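The values are calculated or read from the model by the stated rules, or taken from the named source; none is laboratory data. Small disclaimer: the values here were computed from a predicted structure and weren't measured. All Cβ positions, glycine included, derive from the backbone under ideal geometry; neighbour counts span all protein chains shown.
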Amino acid sequence: MALIKCTECSKDVSDKATTCPHCGISVNEMLTSSTIAQPIQPTQPVLMAVQTPQHTGNGKNKWASFFLCFFLGSFGAHKFYEQKYGIARTYLAITIAFFSAIILGAFYIEWLDYFSITIPTFITFIRAIFIIVILFFKLFYS
């Protein structure tokens with residue numbers, strides 16, 4: 001049993017049927033008309049192979065990256081080595097901000113005495129600095 005296209009309605013019709021069930025035209029008329037309908041072959045479903053991405057690496061030595069991470073990881077040295085500059089700059093900026101906060105904290109008491117700054121004023125100052133740093137990163141790294 002083969003399927004043919006109806007010349008009137010373009011729907012599939014069995015070649016064993018006497019008329020098209022959709023429009024009523026005779027199958028004999030379809031077969032003898034000037035436009036000969038070609039039988040439609042049933043198609044098999046095509047199976048698509050899903051390719052998983054293969055990690056090709058970036059050609060860098062993983063042990064060099066490991067030791068850079070172990071000894072200089074907070075500065076982002078391993079990320080600079082792997083040429084991931086965006087996250088490397090973020091590591092570096094956070095480390096600089098952290099050590100700056102430690103230095104500021106070490107001289108905190110002397111600064112308060114010298115400039116006569118109250119603790120809430122100093123906390124507001126530190127918050128303002130962190131907001132400026134966050135805005136800097138949003139502006140240049142987004």
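List of remarks:
For every residue, the table says whether it meets (1) closer than 30 Å to PHE130 by Cα; (2) modelled with pLDDT of 65 or more; (3) among the β-branched types (Val, Ile, Thr).
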position	(1), (2), (3)
LYS5	no, yes, no
LYS11	no, yes, no
GLN41	no, no, no
LYS60	no, yes, no
GLY73	yes, yes, no
TYR85	yes, yes, no
SER100	yes, yes, no
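- Residues being hydrophobic (A, V, I, L, M, F, W, C), under 23 Å from the mean Cα position of the chain (by Cα) and surrounded by 15 or more Cβ atoms within 10 Å (Cβ to Cβ) - total across the range 72-96: 2
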